[in-house]
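Have a look at the structure below, then the notes.
The values are calculated or read from the model by the stated rules, or taken from the named source; none is laboratory data. Computed from a predicted model, the values in this text were never measured in an experiment. Note: ideal-geometry Cβ built from the backbone for every residue, glycine included; neighbour counts use all protein chains shown.
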Amino acid sequence: MHLNATHDPALRSWVESAQAAANDFPIQNLPHGVFRRRGMQEPFRGGVAIGECIVDMAQAALLDVWAPDARAAAQAAGEATLDALMALGPVHWHRLRAELSRLLRAGAPQASRLRDALVPMFAAEHGLPARVGDYTDFLTSWHHMVNAGAVLQPGAPPLANFKWMPIAYHGRSSTVEVSGAAVHRPSGQARAPDAQEPHFGPSRRLDYELEIAVWIGPGSVRGQPIAVNAAEQHVFGLGLLNDWSARDLQGWESMPLGPFLSKNFLTTVSPWVVTLEALEPFRCALPREPGAAPELPYLRSPRADAGFDLQIEAWLHTPRSGAPGTRLSRSSFRHSHWSVAQMVAHHTVGGCCLCTGDLLGTGTQSGPGPGEQGCLLELSHGGARPIELADGERRAFLEDGDTIVLKAWGERDGAARIGFGDCRGTVRPAAG
Ligand code: CA
């Protein structure tokens, strides 16, 4: 994939709000999602974000405005989930993007007909982009691994396997929800450092994890690994993901089989999925520290720019502070040691198949500098150094009523800035 006419930073849309400064959804973005008008008992359908509006693709696909080779994708993009569109593959995604770019461009003669298919974003509510059959969460940030390790196992050397393969655990798809879902504080077992026995109760160390979501397009066949150089053909796009984590439960339960109740109560994803084609201007090389292990052949990428330079942030709004809140984390996806393609190749190399709509999390994305840590466990050094918030409050971990908002965007000279929208959740007391 290379840059094409859809990436031209000079492009403008007849949807005026697409040109607004710092708007996430200019005509160079065109992310897909699932929505319905808020408060209406109507079915969800697919839409495309443009400025402060959503193109209702179920309605737009009925118009006689599409090039014949883009009709199938336009119809699939209006279904109740994006699974059918995701399954079509990159050739169809590309044709649809080219058509959307042509139809939404300033001066397009079809504007008057498409205008009837626009829904204001403020009047919409979102559904999950796909039926998530499986969810896998990776560990791809060297800095997160080192920082979290220093808190959880002080003095222990970094994991030897990290630099050889993208490590992951299989998560829980039934509790993947779209931005806005309530975050009920989980209850479970935890053991205080000085205690002989565990106690049961609501988590006291609730945390967020700033991650990128990877949405799988066409699935694969069991027993037939996806080669690293073909892996991106199986990736529909990227979003935001918050892997809510109960650190006290995690510390007690994770040995020897990994996280369980500390992670399985909720995972929140952003409603919009930004296609890899839209992200093409933000390609970058992966970081490779001097002396890093050579990649085994099945993980060796033929392209030097397998990474994405995406700015990522986490914001905290407390009941007292409200807006504008405090920015807790600011980093970039460019620090990820492993690429999206390597995650896919490793996931399938043993024979496991991926299915359309599967969700991969990249793991917490932390950078090397101050403030670049992607979770409170790292930022507060396991709670030992609470963070001073903008209005003078302090936080070691999340309190009831706190709202976490994740953001991401690509920004580079010679390219239009494109964003991911928000991925948010508000902490509620433990149920029951
Ligand atoms: Ca995680």
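Taking the listed residues Pro186, Pro218, the one that is more than 16 Å from the ligand (Cβ to nearest atom), more than 17 Å from the chain's Cα centre (by Cα) and in contact (Cβ under 8 Å) with a residue 12 or more places away in the chain is Pro218, with no other qualifying. When we screen Ser332, Ser270, Ser262, Ser336 for residues that are of a type in the set (Ser, Thr, Tyr) and away from the ligand (no atom under 16 Å from the Cβ), the only hit is Ser332. Taking the conditions (1) free of Cβ contacts under 8 Å to residues at least 40 places away in the same chain; (2) out of contact with any strand residue (DSSP E or B) (no Cβ under 7 Å at 6 or more places or on another chain); (3) among the aliphatic types (A, V, I, L, M) in turn, Ala87 satisfies each one other than (1).
Filtered by the rule that a residue be over 17 Å from Gln41 (Cα atoms) and of a type in the set (Gly, Ala, Ser), the stretch 115-139 gives Ala117, Ala130, Gly133.
Sort through His335, His347 and tell me the only one that's buried (at least 23 other Cβ atoms within 10 Å of the Cβ), of a type outside the set (S, T, N, Q) and over 24 Å from Asn29 (Cβ atoms).
His347
Looking at Thr356, Thr426, Thr364, just one residue is surrounded by fewer than 19 Cβ atoms within 10 Å (Cβ to Cβ), polar (S, T, N, Q) and under 22 Å from Gly239 (Cβ atoms), and that residue is Thr426. Any residue in the stretch 356-363 that is away from the ligand (no atom under 16 Å from the Cβ) and at pLDDT below 95? Checked against the condition, which is being away from the ligand (no atom under 16 Å from the Cβ) and at pLDDT below 95, the stretch 356-363 yields no hits at all.
Summed over the stretch 182-193, the residues that are in contact with a helix residue (DSSP H, G or I) (Cβ under 9 Å, 6 or more places away or on another chain) and either crowded, with 17+ Cβ neighbours inside 10 Å or among the acidic types (Asp, Glu) (or both) give a count of 4.
Among the residues that make up the stretch 374-381, is at least one of them within 17 Å of the chain's Cα centre (by Cα) and either in a strand (DSSP E or B) or not acidic (Asp, Glu) (or both)? Scanning the stretch 374-381, I find at least one residue that is within 17 Å of the chain's Cα centre (by Cα) and either in a strand (DSSP E or B) or not acidic (Asp, Glu) (or both), so the answer is yes.
Of all residues assigned to the stretch 41-64, at least one qualifies as being under 16 Å from Glu125 (Cα atoms) and touching an Asp or Glu at 6+ places or on another chain (Cβ under 6 Å).
Residue pairs whose Cβ atoms lie under 6 Å apart, separated by 6 or more positions or on different chains, with the first residue in the stretch 107-130 and farther than 30 Å from Thr267 by Cβ and the second among the polar types (S, T, N, Q), are Ala117/Gln59. Just one of (1) within 29 Å of Asp413 (Cα to Cα); (2) not in a strand (DSSP E or B) fails for Leu240. It is (2). A residue that is of a type in the set (Ser, Thr, Tyr), within 16 Å of Arg395 (Cβ to Cβ) and crowded, with 24+ Cβ neighbours inside 10 Å occurs nowhere in the stretch 309-321. When the stretch 299-324 is filtered for residues that are β-branched (Val, Ile, Thr) and in contact with a helix residue (DSSP H, G or I) (Cβ under 9 Å, 6 or more places away or on another chain), only Ile312 remains.
Looking at the stretch 16-25, can you tell me whether even one residue there is touching a Ser or Thr at 6+ places or on another chain (Cβ under 6 Å), farther than 21 Å from Glu125 by Cβ and modelled with pLDDT of 95 or more?
Checked against the condition, which is being touching a Ser or Thr at 6+ places or on another chain (Cβ under 6 Å), farther than 21 Å from Glu125 by Cβ and modelled with pLDDT of 95 or more, the stretch 16-25 yields no hits at all.
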